[in-house]
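The values are calculated or read from the model by the stated rules, or taken from the named source; none is laboratory data. Remember, it's a predicted structure, so these values are computed and weren't measured experimentally. Glycine also receives a Cβ, built like all others from the backbone with ideal geometry; neighbour counts cover every protein chain displayed. Just the protein is used for accessible areas: all its heavy atoms, side chains included, with ligands, DNA and RNA removed. Shrake-Rupley method; radii C 1.70, N 1.55, O 1.52, S 1.80 Å.
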There are 4 protein chains.
Amino acid sequence: MLEQLKEEVLQANKLLQSSGLVKLTWGNVSGIDRERGLVVIKASGVSYEKMGLDDLVVLDLQGNIIEGELNPSSDSATHLHLYREFTSLGGICHTHSLFATTLCQNGRELPCSGTTHADHFCGTVPLARALNESEVQGDYELNTGKVIVETFVEKGLNPMEVPAVLLHYHAPFTWGESPMESFKNSVALESCAEMAVRSLQATELPLIPAHILEKHYQRKHGKDAYYGQKK
Amino acid sequence: MLEQLKEEVLQANKLLQSSGLVKLTWGNVSGIDRERGLVVIKASGVSYEKMGLDDLVVLDLQGNIIEGELNPSSDSATHLHLYREFTSLGGICHTHSLFATTLCQNGRELPCSGTTHADHFCGTVPLARALNESEVQGDYELNTGKVIVETFVEKGLNPMEVPAVLLHYHAPFTWGESPMESFKNSVALESCAEMAVRSLQATELPLIPAHILEKHYQRKHGKDAYYGQKK
Amino acid sequence: MLEQLKEEVLQANKLLQSSGLVKLTWGNVSGIDRERGLVVIKASGVSYEKMGLDDLVVLDLQGNIIEGELNPSSDSATHLHLYREFTSLGGICHTHSLFATTLCQNGRELPCSGTTHADHFCGTVPLARALNESEVQGDYELNTGKVIVETFVEKGLNPMEVPAVLLHYHAPFTWGESPMESFKNSVALESCAEMAVRSLQATELPLIPAHILEKHYQRKHGKDAYYGQKK
Amino acid sequence: MLEQLKEEVLQANKLLQSSGLVKLTWGNVSGIDRERGLVVIKASGVSYEKMGLDDLVVLDLQGNIIEGELNPSSDSATHLHLYREFTSLGGICHTHSLFATTLCQNGRELPCSGTTHADHFCGTVPLARALNESEVQGDYELNTGKVIVETFVEKGLNPMEVPAVLLHYHAPFTWGESPMESFKNSVALESCAEMAVRSLQATELPLIPAHILEKHYQRKHGKDAYYGQKK
């Protein structure tokens, strides 16, 4: 069941480590089959080197285990809430990549300072507020998902135009049309965060002019996008 | 004798290099068989690439060589003192990983700024004071162990809840239930130190709220921990 | 057709990734056969691992596709304009290497602070101004090339003596006598940018004395150059 | 002739690249046979991947080529002057490693801030002054060697106790009893420089207490050294 999706989720999870985005087991990628309403996600605490198809777990959108012997990622409730609320998402990626997480720990959002950012994110990547004490003591991972959705609703952001969030005191989540796209957005977020952290040494972060932001985003993602091959 | 422990100590020592935590021969991992009271440790000055089981030395807790042709790590007296005083330890790891060592050289402890830290260390990783002149001229490595124990006693810290220390002017030690856990705590310490050093460029380090610290530590280590697989 | 040039362009593109200068597909190298007036460039959005000779596109200097099934790099119009205006160029390299791009995002040129720089660039690597709104909405990539040429003309720079430029809000371009030389200049630019960004933490960038700059550049590139092997 | 020395010089040159200390061809290691008064050094501009024994050149101490088809490193005159004046040296290593070179470009010496430094260098690694205009226009590489020797004489330093120097506006040289020791000192210098550059972000560099410096240096290098294996 879901063989192709599982293969892509497996490959994206392995790329987390080989790309340097995660150490130990600090990250996970999931993907969804929208027709069947089933999510494939990494099992909890499994190392990336040894991971095989058997280390993936299939969940329905309510979190019931449909297939798999292992516990799903402890962050599963966050993934599921995002799939329920952001219905265009095909894949979600969570890492503790060090520069993006540094921004999280310092409570900073990531404004757009250049075209590397504009190629992936149509404006500022928002910071989601810290969970309060009762939210943490309740269903922590579900409430993490709720705070992400709250952030996008309050700021009027389209999650497919800004496919990333920084969680205060925690780490980033990114997403996309597919598991592999969610991974690529994690690479882009970490690169932009790295440039931001280095720039912060001297000054406030500079802001890209709006017309360059718009152009770079649209040439990759707009209706007349001309980057890449015809699909 | 102690074949399984030796294999794990060997593997953890080799990971020191492949993970980038050490250069040249600047680190060592040991493990203990508590039933027999025997410690397996890397020989001194041996390169990680060429290291085999014959490059490990077996010591009793008083430092007598029980097995092995080579000199044990010059830091052995520190390891042995920690095993004697912190009786829950199963493995100890010492590195000069560059970000943690930068904190050591600057005389800074590492407060908890995010969940990456809280997943491994239940609060601030302490700084152990510099040894004074007579402590250095005496049994230097033994006195290093004594200053670590003094730090934990004075601060009322449980070494299994905060399995790491930063030595002023020197470098970190980490530990855990096993040699491999002590290595993983070195990876976590270095990642958190990297984020701290980068954050220090602008401001004092931010502090994670206590309820998030508690939650992250407990979901991995508490009595109802739900991270990872059932044991 | 152009087999040797294609092989060198392919190899230089693959080096972009293995050297760490680019992530995902954020860069491209091209080369020109000046006799035939034909340019070989990477196809758009193709991954470096899987890239083969079939993933290269041959263009004439007006941008007509002479050979190849895929869309050429979306930056092709920039490359072609540089080949038309800077007639000594044999290869061009574009990356989003993170330290050089950090300078771009902060709107800084790169002065010469040491001999690593002087070995490759005979003085300051200039910053090209941001494109204005109509330039961005028009033929964006062609206008990018025009702003680079404008920068060199206004500053009276010889593009073979300073084979690099930093584009404000965007990223660097480098070039050279061949595709491989353009790649090497990207490595040198990124290294010098890395040292500059790290130095900027404390102070303004220091400036190398003119006589050392001159000596280092000339011993590699002057008429009595004595670095390397006789050609 | 000199087969064993050539093998070690070759291996140390290859380690320059695999250890990340150099990019492109920005470094060289040499070694000397003191009985015969002959120096083995890397040829100029040769890439490390392809380097074989034929890419090494044998020179006498006056710089005459005794064996080898290629031009020796353009820095040979510096190496030879150091071998003539510092008669305990068995190997010399020159790199443009980025953190040490950042200190050079900023005109900073490297004080001892911790035991990683004290394990290799018995105190501050000095900064050699920039060459003046006539020194640069004269025999530049020979004069570079003379300024290094001048630095050690003026400061009363023993080159075997402080086996490294930082050249203002240029890059480091390290040395040791053998080519491989000179390489290891380059690794140590770069690591200490990395910690120094990161520390400089906030404050002046802290200084290690003298008794710790002395202890660490002596336990590896003193007459009763006990680090490593018996020789």
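Summary of values
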read-out	value
Among A:CYS112, A:ILE32, A:VAL58 the positive-end extreme of the charge dipole of region A:1-138 (Cβ point charges)	A:CYS112
Relative contact order %, chain A, counting alpha carbon pairs below 8 Å whose residues are six or more apart	22 percent
Rounded if a/c under 1.5, otherwise prolate or oblate - region C:14-61, Cα gyration tensor axes	prolate
Volume per residue that the Cα convex hull of region B:59-142 spans, once the total is divided by residue count, Å³	142 Å³
Gyration tensor (alpha-carbon) shape descriptor, region C:1-108, a/c threshold 1.5	oblate
Accessible surface ranking that places the most exposed of A:TRP175, B:TRP26 first, with a 1.4 angstrom probe	B:TRP26, A:TRP175
Area buried, chain D against chain B - accessible surface, total, 1.4 angstrom probe, square angstrom	2800 Å²
More than 45 Å apart - percent of Cα-Cα pairs taken over the protein assembly as shown	32 percent
For chain D, built as a Gaussian network whose Cα springs stay under 10 Å, the top-fluctuating residue of D:GLU85, D:GLU154, D:GLU135	D:GLU154
Listed residue (D:MET195, D:LEU98, D:VAL125) projecting farthest to the positive dipole end of chain D, Cβ model	D:MET195
Estimated dipole of region C:1-51 in Debye, rounded to 20 [Cβ of Lys and Arg +1, of Asp and Glu -1, Cα centre]	200 debye
Between region D:129-200 and region A:72-96, the alpha-carbon center distance in angstrom	54 Å
Per-residue ³J(HN,Hα) for region A:135-140, Karplus 6.51 cos²θ - 1.76 cosθ + 1.60, θ = phi - 60°, Hz, x for Gly and Pro	5, 6, 6, x, 7, 4
Dimensions in Å of region D:125-181 - Rg and Dmax from alpha carbons	11.7, 35
Shape category assigned to region D:3-221 from the gyration tensor of Cα positions, a/c cut at 1.5	prolate
Sites D:MET160 and D:LYS14, calculated FRET efficiency, Cβ-Cβ separation with R0 22 Å, nearest 0.05	0.30
Pairs from A:LYS6/A:LYS50; B:LYS42/B:LYS146; B:LYS50/D:LYS23; A:LYS6/C:LYS50 whose Cα-Cα separation, in the structure shown, is over 24 Å	B:LYS50/D:LYS23
Förster radius 41 Å - calculated FRET efficiency between D:ASN132 and D:GLU35, Cβ distance, rounded to 0.05	0.65
Most fluctuating residue given options A:ASN143, A:ASN64, A:ASN13, as computed from a GNM of chain A linking Cα atoms under 10 Å	A:ASN64
Of all accessible heavy-atom area on the protein assembly as shown, the percent that carbon and sulfur account for (1.4 Å)	47 percent
Student exercise, region A:109-203 dipole from Lys, Arg, Asp, Glu Cβ charges, in Debye to nearest 20	240 debye
Gaussian network model of chain D, springs between alpha carbon atoms under 10 Å - residue of D:GLN137, D:GLN11, D:GLN105 with greatest fluctuation	D:GLN137
Bridge type composition, region B:3-221 - antiparallel percent by DSSP, nearest 5	95 percent
Accessible solvent surface per residue of the protein assembly as shown, calculated while the other protein chains remain in place, 1.4 angstrom probe, Å²	38 Å²
About the Cα centre, charge dipole magnitude for chain B (Lys/Arg +1, Asp/Glu -1 at Cβ), debye	720 debye
Exposure rank, largest accessible area first [A:LYS184, B:LYS50; 1.4 Å]	B:LYS50, A:LYS184
Distance (nanometres) between label positions extended 7 Å along Cα→Cβ at B:GLU177 and D:LEU61	6.4 nm
Residue (of B:PHE173, B:GLY20, B:SER88) at the positive-pole extreme of region B:3-221, dipole from beta-carbon charges	B:GLY20
